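Asks: Dropping the structure in here first, questions after.
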Amino acid sequence: MPLSLRTAARLCLALLVVNCTLLTETKAQAPKTYTSSDILLGLKKLNVLGSVMYIAAHPDDENTRLIAYFANGRLLETSYLSCTRGDGGQDLIGPELREQLGVIRTQELLAARRIDGGHQFFTRANDFGFSKTSAETFTIWDKEQVLADMVWVIRQRRPDVLITRFPPDPRAGHGHHQASAILAAEAFDAAGDPKRFPEQLKYVQAWQPKRLLWNTGSFFVKPGENMSGYLGLDAGGYNPLLGQSYGEIAARSRSSHRSQGFGSAATRGEALEYFQPVKGAPAAKDLFDGVDQTWNRVPGGAAIGKMIDEVIRKYNPSNPSASVAGLLKVRELLQRMAMPKAPADERVRYFPAQSFWAVEKLNEIQKLIVASLGLNFEAIASEATATPGKTIAVKFEGLSRSLIPVELDGISYDIPADSTIKKPGESQLALCLTTRRSVKIGKTLLPNTSFIQTVDVFVPSNESVSQPYWLRKTGSIGMYAIPDIVKPACTSGGDAWSANYDGGINRQQIIGQPENYSVTEIAINLRVAGTQIGYRIPVQYKHTDPTLGELYQPLVVVPPVMVNIPAARAYVFADQQPKTVPVTLRAGRAGVRGALALQVPTGWQVEPATAAFDLKNKEDEQTVNFTLRPGPGAPEGKAEVRAVATVDGQAYTRGIQTIDYPHIPTQTLFPEAVAPLVKLNVQRRGQNVGYLMGAGDEVPEALRQLGYTVTLLNPATDLTAEHLARYDAVVLGVRAYNVLDRLKTQQPQLLKYVENGGNLVVQYVVNRGTVLPQIGPYPLTLSNDRVTVEGAPVTFLQPKSPLLNVPNKITAKDFEGWVQEQGLYYPSAWDAHYTPIIASSDPGETPKQSAILVADYGKGHYIYTGLSLFRELPAGVPGAYRILTNMVSLGK
């Protein structure tokens, strides 16, 4: 992780003063364990000074085999820069969409990188949904801002070679894909030009990569095409130290993208990759032609390379700790290279050019020393959450598993600024509205014997709630907005092992980073063979799940009170009848008292006006049921209702949402306590609806809001014609035919239900990976066709169709205010028994007529719709409710 550069300069100076090596990967996760083979591979990597960056548009766009090959085979510093976090995709594992899905896909990328050995970065571009051209994409993305972010990451990581996944033209198949390649070409030139984005040069230096290439593949190359004009390499090799081929590593990495259904089979044997030169110096045989990847590229580095060679030569896999003495000598030389002298002007905040590789390799050596000694340090909080300005008990545990003496000199951590130090051997320095308590321990860690000490760690009073940094401000459709200050500056300096960043963290410094910095850390000062080593570990929370075992998650900063309105619910009023709006309060700390109110638009009536609450214990909850109804003056259309809790004169309007899946660390979000408020002129027919969940959506709740009685169907027991006969309509959730194997055998029963007079509504199905070849009663060819412009004009092909008239008259107004896209995965061909109802298109394209297809079958009706109802209904789009009602009411 790149450092705050003022901090980097200070800490590099500290390298000379107290021999404090930097360890920057302090994310909340289980401590990484190393085998002897891992350590040997790490030693070999110390002698490779080369860097490569892969660039594409979304999570899951990256070539995981190539990343695994570069990181583990060529031992290069390898990174993946994804323009977006994937907010606009679909979700195969749950109901999360938009920002919540972006958080999941961010963590899936980080899980993938932990497997394949790469590093992960992003720009501020928001995945606003499918885009058909780069021109459209650049009307929504701020192109200059995304380019600046790309240049920033390149200047930080200093890659020798840039590689794009996509070509900069329509072959890329997605506007974001095209845009990522266009931006990469511009960034290649801009990164080395000090006149471009000069504000970044306060922290980094201009950097010119050697070359830019396009990693072409089967999507873009015709069978039998002459590849002689391309550079090629075999990325299918086998790594004996890891016991895997790069294809096997890549499959596990790719399979981390569970929300997108990208579970992959391992490949073994030859795997050819091809590259088309785009910019920069030509290469004759290898992507890195002309790039010195040895220590000779760094002035004075030749001696370091020889010392590392000697450490590798003497490495004993049965006793990795024997290599520590040699590593400490290499470390000493690297420290001198990292900061040969203190900067005369503290305003110079970047590393000298030769320091980049010195600092990179110091971090690697730090990990190798820790791994070789079998060291394990943890700082486990007694609770999963804390509020700003509160103290939390933390169990610090240290363990050495080698015979080499390791002395724990001391630790330091945050305490309140007004605390009084009374114990001998302790000191304090003011920092970030806190004091750093440095505790002298002076204890030699006995082999395989834990040292445990419980300390009270203070969460700084100005610490922000743990909302992902890119979601703290409201952005635009195409761009995230990041606060000017992400972590407040400290009130004064810090000590040599400071866990905080004394200059604060501003927008520029956080851009590109995949996730938040740790809330607080414990800094450790060790002495190994007479050499002091600094080590920082995050304060985390750990618990044991009865099925998944030991789990780590980040310590989360929460507000004093959280205000929760049921997620993904729109409150829909088709008449004057009141609805209950439950608001649940949760205490972030003990002793929270205040008042709760609903803010509603003019013309709406709410009771009670306010409600008092008193939450005595932390995590106590209290639910207040408000009664909400439209008054005579309430206009039709969409508005919003907001819950506000007031405590000691401070208003709190954020709830808490936990995203918990076994393949990623638990994520905590703090969404605003708002919900769509919709007043509709809508009639409905029928009452009982059976709903078969697919990949996950919130449509059942929307049907309940309309007044239907909704039963969730069990695919194992309920899909018989006899059982389904009790329902006025049966609705299949999104991607049902992609994820429910039971439909292979029960499809005849569904069609029998229709034949007997039932009404079956099938929402969109992805055109690849269906569980059976035919999903309808008559032939239907699914495709990737879609209408991405949510406001595209709609033509009514069958103006007299009941779907457009009964029980509600559907007009063009019902397609106003849609979000992200109008529809997706439209059929490209269909049997004459189907009747298309509407048509629309993106600009410059021919009309798509299959957004709604209906067929009579026996006594009943079959409807396929690609309209994005799963997005529109939770967003409170009025017309989506009216269209869905007509579908469910058909034939009644």
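Read-outs throughout are calculated quantities, based only on the coordinates presented, and are distinct from any laboratory measurement. Just so we're clear, the structure is a prediction, and the values are computed from it rather than from any experiment. So basically every Cβ, Gly included, is an ideal-geometry build from the backbone, and we count neighbours across all protein chains shown.
Asks: As a quick test, which of the pairs K440/K542; K279/K848; K32/K473; K143/K487; K44/K443 have an alpha carbon distance above 31 angstrom in this structure? Each step should come with its number before you reach the end.
Replies: On the way: K440/K542 26 Å; K279/K848 39 Å; K32/K473 33 Å; K143/K487 27 Å; K44/K443 33 Å.
Going by Cα-Cα distance, K279/K848; K32/K473; K44/K443 fall outside the 31 Å limit.
Asks: Another one. Taking the beta-carbon count within 10 Å as an exposure proxy, list R85, R155 from fewest neighbours to most.
Replies: Details: R85 29, R155 24.
Listed from fewest to most nearby Cβ atoms, that is R155, R85.
Asks: Next question, about the same structure. May I ask you to list the aspartates and glutamates whose Cα is less than 13 Å away from that of K395, ignoring any residue fewer than eight positions away on the same chain?
Replies: E378, E383, D456, E521
Asks: How would I659, I775, I863 line up from fewest to most surrounding beta-carbon atoms within 10 angstrom?
Replies: Values: I659 17, I775 21, I863 24.
Going from sparsest to densest Cβ surroundings: I659, I775, I863.
Asks: Let me ask something else about it. For the range 561-679, what log10 I(q)/I(0) values come out of the Debye formula at q = 0.13 1/Å, with one point per alpha carbon and no solvent?
Replies: -0.54
Asks: Between K222 and A832, what is the spin-label point distance in nm, taking each point 7 Å from the Cα along the Cα→C-beta axis?
Replies: So the two model labels end up 3.7 nm from each other.
Asks: Expressed as cubic angstrom per residue, what is the convex hull volume of the alpha carbon set of the range 155-289? Could you put the intermediate results ahead of the total?
Replies: Details: hull volume 22.6 nm³, N = 135.
Per-residue hull volume (Cα only) is 168 Å³.
Asks: Another question, if that's okay. Please name whichever of G89, Q200, T123 sits farthest to the positive end of the charge dipole of the range 86-220, dipole taken about the Cα centre and charges placed at Cβ: Lys and Arg +1, Asp and Glu -1.
Replies: Farthest towards the positive end: Q200.
Asks: Could I ask something else about it? Once both labels are modelled 7 Å past Cα along the beta-carbon direction, what's the T602-A266 spacing in nm?
Replies: 6.8 nm
Asks: Of N296, S264, P282, which is farthest towards the positive pole of the range 248-309's charge dipole, taken about the Cα centre with +1 and -1 on the beta-carbons of Lys, Arg and Asp, Glu respectively?
Replies: It is S264, whose Cα lies furthest towards the positive end.
Asks: Of all beta bridges DSSP finds with both residues in the chain, what is the antiparallel percent, to the nearest 5?
Replies: On the way: 121 of 162 bridges.
Antiparallel bridges: around 75 percent, rounded to the nearest 5.
Asks: When the chain is fully extended, how far beyond the present Cα-Cα distance does R297 get from K440, taking 0.36 nm per residue of separation? Please report the intermediate quantities before stating the final value.
Replies: Details: separation 143, 0.36 × 143 = 51.48 nm, distance 4.15 nm.
Length gained, R297 through K440: 47.3 nm.
Asks: So, one more: When D814, D831 are ordered from fewest to most other Cβ atoms inside 10 Å of their Cβ, what list results? Write out the running numbers ahead of the final one.
Replies: Numbers: D814 20, D831 14.
The fewest-first ordering by Cβ neighbours comes to D831, D814.
Asks: Of the options V103, Q178, Y80, report the single residue whose Cα projects farthest towards the positive end of the charge dipole of the range 50-293 (beta-carbon charges: Lys, Arg +1; Asp, Glu -1).
Replies: It is Y80.
Asks: Sticking with this one: Could you give the size of the charge dipole of the chain about its Cα centre, using +1 on the Cβ of each K and R and -1 on the Cβ of each D and E, expressed in debye and rounded to the nearest 20? Let's see the in-between values first.
Replies: On the way: 91 positive and 84 negative charges, 221 e Å.
The calculation lands at about 1060 debye.
Asks: In 5 Å bins starting at 0, how do the alpha-carbon pair distances of the range 761-866 split up by percent?
Replies: Result, from short to long distances: 2, 12, 22, 25, 20, 13, 5, 1, 0 percent.
Asks: Normalised by the empirical 2.2 N^0.38 Å for globular proteins, what value does the Cα Rg of the range 50-293 take? Mind showing how you got there, number by number?
Replies: On the way: Rg = 17.2 Å, N = 244, 2.2 N^0.38 = 17.8 Å.
Against the empirical 2.2 N^0.38 Å value, I get 0.97 for the range 50-293.
Asks: Sequence neighbours fewer than 8 away in the same chain don't count; with that in mind, list the lysines whose C-alpha is under 18 Å from K616.
Replies: K390
Asks: Using a Förster distance of 35 Å, how high is the FRET efficiency between D234 and A135, based on the Cβ-Cβ distance and rounded to 0.05?
Replies: Values: r = 37 Å, r/R0 = 1.07.
Step by step, r from the Cβ atoms, then E = 0.40.
Asks: So which trypsin sites (Lys or Arg not before Pro) in the range 700-764 are both in a DSSP loop and have at most 12 other Cβ atoms within 10 Å of their Cβ? Could the numbers behind the result be given before it?
Replies: On the way: sites: R704, R726, R735, R742, K744, K752; in loops: R726, R735, R742.
Those satisfying the criteria are R726.
Asks: Enter the per residue convex hull volume of the range 688-889, computed from alpha-carbon coordinates, in Å³ rounded to the nearest integer. Intermediate results must be reported in sequence, preceding the final value.
Replies: Working: hull volume 21.2 nm³, N = 202.
Looking at the range 688-889, the number lands at 105 Å³ per residue.
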